[in-house]
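Quick notes on the structure that follows.
The values are calculated or read from the model by the stated rules, or taken from the named source; none is laboratory data. Just so it is clear, the structure is predicted and the values come from calculations on it, not from any experiment. Ideal geometry is used to build each Cβ from the backbone, glycine not excepted, and the neighbour counts take in all protein chains shown. Please note that ligands, DNA and RNA were not included when accessible areas were found on the heavy atoms of the full protein model with its side chains. Shrake-Rupley method; radii C 1.70, N 1.55, O 1.52, S 1.80 Å.
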Amino acid sequence: MSRTRTALLAAMALVAGATGSAIAAVPGDAGAAAVPCTVDYKVQNQWDTGFTASVTVTNHGAAKSSWAVKWSYAGNQKVTSGWNARITQSGANVTAANESYNATLASGGSATFGFQGSYSGTNAVPATFTLDGVTCNVDGGGGPTDPPDPTDPPPGNRVDNPYDGAKVYVNPEWSANAAAEPGGSRIANQPTGVWLDRTAAINGAGGKMGLRDHLDEALEQKGSGELVVQLVIYNLPGRDCAALASNGELGPTEIDRYKSEYIDPIKTIVADPKYASLRIVTTVEIDSLPNLVTNVSPRATATPNCDVMKANGNYVKGVGYALNKLGDVPNVYNYVDAGHHGWLGWDDNFGASAEMFKQAATAEGATVADVHGFIANTANYSALKEDHFSINDTVAGKSVRESKWVSWNRYVDDLSYAQALREKLVSLGFDSKIGMLIDTSRNGWGGANRPTGPGATTSVDTYVDGGRYDRRFNTGNWCNQSGAGLGERPQASPEPGIDAYVWMKPPGESDGASKAIDNDEGKGFDRMCDPTYTGNPRNDNNMSGALPDAPISGHWFSAQFQELMRNAYPPLS
């Protein structure tokens, strides 16, 4: 008997006693009245004086255009902050009302919200919940002392850092492309991410390996030791709303297809007991959630597509669903994409993005426990560490933050950004053990143009521009950047708070076509991939810096691969 059904049966007497009405029945029991709503209240983390909790309410009655869940504490619990609902408390009584973006609650639909609270003594789960004044049955009541649900997957043996003590899967398809290039054998044995960037990629398309093929190969590579397999989950509805080069196959409203045709089949495969000995790391939906902060109205950088995705909530729903489903698999480690310092490092982006990540991590049944960490700089070029200047420097009476390059950003590189973001996320209720990944596949910026010291102190701009490793025109440039090089080789635990440097983007695979190319992969032409493009507000109207003659995103780009090797830092031997 599942936890849900057990809890419903156990709650019948409670509901009858609390309301004085007829006993509510388990949904589906013949001849019985329907349960009006169920509530799943789970304590996620608990310490001496505080806790975080997740609450999911499911509406079994008529559809609602607004809702409010209420409960009372028997102890001295106090809600101190919340997300995905407007939570207020008067004495022991708590009310959680919908936000504008999750006001609709369909018949059979669910809403999830969460909060952080304080307590002393005991932290008992509330006995009774109501939805718009109607008493609900309690589903679970999941705290640390709850009995396990025999239908749930076993807890598994997730380690703190999946990369520690483990090899990482080498994709034989990428390895063959690299080895076929002159000099490519020097890095052909490096591990890279496997991109599931359309539904067809799950089973394999165009003669390429499917997910099971990769996992079977991973078992061969594993041998008797530990092995990490890196998967990129990348197929949201209305994907990449600010970049046409990587728009996907699903339209903005096709969230149900995303769930049933994409995430569910992936979960079925990775949950196969055959693969239980693998450590499966997922990078969840790059370039999605940050767009809902930086590229929506009323900002000058807004795009109509991003406004649509903000309004319909399908990025948040999709990421939440993916985290929920994949997080059920005991050997899966979910890492959510977190942009990079040159995107989210500004004061008005940093905190808002962290809040957006929390919103998605508690949507569609997901909880912060489904997130093992975050990944920065995925498929991007931001320097790992700038050695020759910092935001604390002052030149010619001006702060480095006033330079054109830094432009008031709080962070000048991705290592400092990732470490700071980790601390911010922990403060919002994510587990204190979450780790960060940084994609270093193309951020080395070596070669003859790599500075060896600070720039001239004539002005703050000459100082920064003369000393910076990152040679882009602007940190907003993202497509096939000229002058880039391979970065730090993949390695585990390189810095405090960093689980690994990874090559999640396979070097040599294009970011997008430099001109319009017909294709059957749903990938459009973005002017940011055109080397003649003079820019837009998202890159402060600078030249794109893109290489010419590039193929569509994900296809092999030999010229770029050769340049990445030439400019590698550390250099290739």
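Remarks
- The modelled label-to-label distance between Thr49 and Ala205, using points 7 Å beyond Cα along the C-beta direction, is 5.4 nm.
- The chain - share of DSSP beta bridges that are antiparallel (%, nearest 5): 60
- Positive dipole terminus of the chain, leading residue within Gln46, Asn334, Gly485 (C-beta point charges): Gln46
- Comparing Cα centroids, segment 513-573 and segment 341-409 end up 23 angstrom apart.
- Ordering of 158-166, 327-335 by packing is 327-335, 158-166, highest average first (other Cβ atoms within 10 Å, averaged per residue).
- Three-way shape call for segment 63-125 based on the alpha-carbon gyration tensor, with the a/c threshold at 1.5: prolate
- Ligands, DNA and RNA aside, Thr394 has an accessible area near 100 Å² when probed at 1.4 Å.
- Solvent-accessible surface of the chain, taken per residue with a 1.4 Å probe and all protein chains present: 39 Å².
- Cα-Cα over 27 Å, subset of Lys167/Lys310; Lys42/Lys358; Lys358/Lys505: Lys167/Lys310
- Gain on full stretching of the segment that runs from Lys404 to Ala456 - 0.36 nm per residue minus C-alpha separation: 17.2 nm
- Taking label positions 7 Å along the Cα-Cβ direction at both Ala176 and Ser120, the computed distance is 6.7 nm, reported to one decimal.
- Projecting the Cα positions of Leu289, Asn247, Ala276 onto the charge dipole of segment 227-336 (unit charges on Cβ atoms of Lys, Arg, Asp and Glu, taken about the Cα centre) puts Ala276 furthest along the positive direction.
- The angle separating the long axis of helix 314-327 from the principal Cα axis of greatest extent in the chain is about 80 degrees.
- Neighbour cut-off at most 15 other Cβ (10 Å), DSSP loop, chymotrypsin sites (Phe, Trp or Tyr not before Pro), segment 26-132: Trp47
- Theoretical gain in end-to-end length, Glu261 to Asp520 [0.36 nm per residue, Cα-Cα removed]: 91.4 nm
- Taking only the alpha carbons of segment 330-457, we obtain Rg and Dmax values of 16.4, 56 Å in that order.
- Net charge over other residues, Cβ less than 15 angstrom from the Cβ of Leu564 (K, R count +1; D, E count -1): +1
- Angle between the chain longest axis and helix 347-361 axis [Cα atoms, degrees, rounded to 10]: 50
- Using a probe radius of 1.4 angstrom, the carbon and sulfur fraction of the accessible surface of the chain is 51%.
- With Cα atoms, 0 to 90° folded angle of helix 414-427 axis to the chain main axis: 10
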